[in-house]
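Asker: Have a look at the structure that comes next, please.
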Amino acid sequence: MGKIAKMSLHLANMIAAGEVVERPSNVVKELVENSIDANSTNIKIILSNGGIDLIKVVDDGDGMDKDDVLLAFMPHATSKIKTEYDLFRINTLGFRGEAISSIASVSTMQIISSQTGLSGYQCTYKSGVKQNEGVTHSNKGTTVIVNNLFFNTPARLKYLKSAKSELASIMFWVDRIALAHPSIRFTVISDEKTVFQTTGSKDEKTLIGELYGIEACKNVMIHSYTEDGYSVKLVLVKPCIYRSNKLEITMICNGRYVKNYNITNAVIEGFNTYLPIGKYPIGVLYFEIDSTLVDVNVHPQKTEIKISDEEEICRILKTNIKKCLEENTHIPSRIIEHNNNPKYDKVSIFNSSFSFGEEKTTYVCSKEESGDLLTKSSEIINNDNSANISVDRKNITDFNDKAIIDEKNKEENIKPASKKIPYMEYVGQIFGTYLIFQNQEGMLMVDQHAAQERINYEKYYKILALKNQPTTELLVPDVLSFTKEEALYVEQNINSFLEIGFRLEQIGQRDFVVREVPLWIKLDNLSSVVNDIITLLIDNKKIDIMFFRDHIAKSIACKASIKANHRINNDEVKALLSDLELCENPYTCPHGRPTIIKLSLKDIEKMFERIQK
């Protein structure tokens, strides 16, 4: 007798439930998506004990007749796709027909639906077995009730988290679905308390306010663009409000919330130097892509997709995010909060009632930033291992000449730019670090180190883009050893390394000698840099010099900038402000710290009690 036997329908549903339904949030997601596919305009979600005891989803959609209600419980029964042609042109959120039968196999589940609002039909399943059915009264639309989730799978029930944690997971998904469908009104009631509600106003800016607060709403930037085969609408929050994780970077593709690692990284790179290190933006990306160019049938929970020509989409996305940021002003307003501890004074970006779960404080220059102003290029590109190298002085001269020519061309071809920094009248300097200005709106403070760091960063970022980078020949060549895989990549890309200034020669199966390096590199960091290049090479199949341009430009800019506790005269202040105005992003240093902050006249008058708070 053979060993292979056909599984029972109940067992097959239990296995499918393990893929589709891991926790209450998965149930809510599947049921709400069905409601959206049914053209609902108002969806109510009622929960008890974090959805473990009760999940009830009520909508005002198209509804179902008796036959559809009964068929809904059957595995792979769906109204979304009928042929292979439909599978490659999916325009609905649900399509597999697995969710209802899977949920019913691990709970007690009832569906009540009506197409007219006069009478409806209901059917109840328990542990995948039908209990009863019949005619009932129902409003137009569908109500799905799920009781005692995982009651018949104690192992899975045991590993559920607390009710509050499960509710938090549900709210995460509801937030994303609400962002994807701003025209639908969502209401969430947990343990008889309304915990979330949207207006369904169709306005993304209003929706951002409902999810993230009024200050986020005030700082929304909207930018749209169209490319071949797709269109994108960016709804971004200005970088003065940020998060400590990437979860608030939301991608909506054809009305579906999805996750995409490359798209998320493209957004982060687009915000590069606008945010402090380790902080991430809030933003929603609405993609409308031809369904034939997108594959959503990748993951059981339908949160992962494959997109054609993803690399080019990411490149264009980064360009448009930077354009959106450059079109807006990013001078944060500060309000001083008095702390009970007199030793510390916190400075909050916005009113304390809108902290968004994070504390934002002023940035203080570190001790390492104290020192003299460095102006010579020989001090900027400083190598501690100079005794071990022979410098090609002609290359250095060419390098500096190109930089000077580039600066002259820049000055000759300056076009009238939009005013990114408002008119500011210089008042004075405090603590040898901060420059004080005033205008009709109030008082503005400029961090002189951060401002010049931004100026130098953009200058050297452009210089490092020059072809034929100046190189340094090593008097004592350095030997690097790699794994077999890495050695093969290096061997195949010797010419690519040479293009960015590294001359390597193979001396063994896994050993290479480095004879020449770019002028900007530090020899004590040579092995780390080469290994980073190899990692990028393995991941991207090519060497990406852009990453190194950014890293090196930041390093040079910091060393070359005026330090804290250094007095500068009025002419130097004027030149600093003039150069800052010419920057693409004059609002933050390369590490995301603000260069300028504003204290409004109204806030100053409040502090002196000239007006009521």
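Residue-by-condition table, conditions (1) under 15 Å from residue 42 (Cα atoms); (2) outside any helix (DSSP H, G or I); (3) without any contact (Cβ under 8 Å) to a residue 12 or more places away in the chain:
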{"site": "168", "(1), (2), (3)": "no, no, yes"}
{"site": "174", "(1), (2), (3)": "yes, no, no"}
{"site": "177", "(1), (2), (3)": "yes, no, no"}
{"site": "188", "(1), (2), (3)": "yes, yes, no"}
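Asker: Out of all the residues in the stretch 422-437, which are surrounded by 14 or more Cβ atoms within 10 Å (Cβ to Cβ) and either in a strand (DSSP E or B) or touching a Cys at 6+ places or on another chain (Cβ under 9 Å) (or both)?
Answerer: Result: 426, 429, 433, 434, 435, 436, 437.
Asker: Report, by residue number, each residue of the stretch 154-213 that is among the acidic types (Asp, Glu), open to solvent by 30 Å² or more (accessible area, probe 1.4 Å) and under 18 Å from residue 57 (Cα atoms).
Answerer: Hits for the stretch 154-213 are 175, 191, 192.
Asker: How many residues does the stretch 37-55 contain that are of a type outside the set (A, V, I, L, M) and touching a helix residue (DSSP H, G or I) at 6+ places or on another chain (Cβ under 6 Å)?
Answerer: 3
Asker: In the stretch 131-153, which residue that is more than 19 Å from residue 58 (Cα to Cα) and part of a loop (DSSP other than H, G, I, E, B) is least open to solvent (accessible area, probe 1.4 Å)?
Answerer: Checking each candidate, the answer is 150.
Asker: Still on this model: In the stretch 494-521, which residue that is among the polar types (S, T, N, Q) and assigned to a helix (DSSP H, G or I) is least open to solvent (accessible area, probe 1.4 Å)?
Answerer: If we take residues in the stretch 494-521 being among the polar types (S, T, N, Q) and assigned to a helix (DSSP H, G or I), then 496 is least open to solvent (accessible area, probe 1.4 Å).
Asker: Kindly check whether there is at least one residue in the stretch 463-477 that is at pLDDT 85 or above, open to solvent by less than 80 Å² (accessible area, probe 1.4 Å), under 18 Å from residue 529 (Cβ atoms) and not hydroxyl-bearing (Ser, Thr, Tyr).
Answerer: Checking the stretch 463-477: at least one residue is at pLDDT 85 or above, open to solvent by less than 80 Å² (accessible area, probe 1.4 Å), under 18 Å from residue 529 (Cβ atoms) and not hydroxyl-bearing (Ser, Thr, Tyr).
Asker: Name the residue, out of 453, 458, 369, 411, that is closer than 28 Å to residue 596 by Cβ, open to solvent by 20 Å² or more (accessible area, probe 1.4 Å) and either aliphatic (A, V, I, L, M) or at pLDDT 85 or above (or both).
Answerer: 458
Asker: Those residues that are more than 34 Å from the chain's Cα centre (by Cα) and either over 20 Å from residue 525 (Cα atoms) or buried (at least 19 other Cβ atoms within 10 Å of the Cβ) (or both), I need them from the stretch 481-493; list them, please.
Answerer: Correct list: 484, 487, 488, 491, 492.
Asker: Of everything in the stretch 560-603 that's open to solvent by 40 Å² or more (accessible area, probe 1.4 Å), in a loop (DSSP other than H, G, I, E, B) and among the polar types (S, T, N, Q), which residue is nearest to residue 270 (Cα to Cα)?
Answerer: Selected residue: 565.
Asker: Taking the criterion of being assigned to a helix (DSSP H, G or I) and surrounded by fewer than 17 Cβ atoms within 10 Å (Cβ to Cβ), would at least one residue in the stretch 218-228 satisfy it?
Answerer: Within the stretch 218-228, one or more residues are assigned to a helix (DSSP H, G or I) and surrounded by fewer than 17 Cβ atoms within 10 Å (Cβ to Cβ).
The values are calculated or read from the model by the stated rules, or taken from the named source; none is laboratory data. Since this is a predicted model, take the numbers as computed values, not measurements. All Cβ positions, even for glycine, are placed from backbone atoms using ideal geometry, and neighbour counts span all protein chains on display. Ligands, DNA and RNA are excluded from the accessible area calculation, which covers all protein heavy atoms including side chains. Shrake-Rupley method; radii C 1.70, N 1.55, O 1.52, S 1.80 Å.
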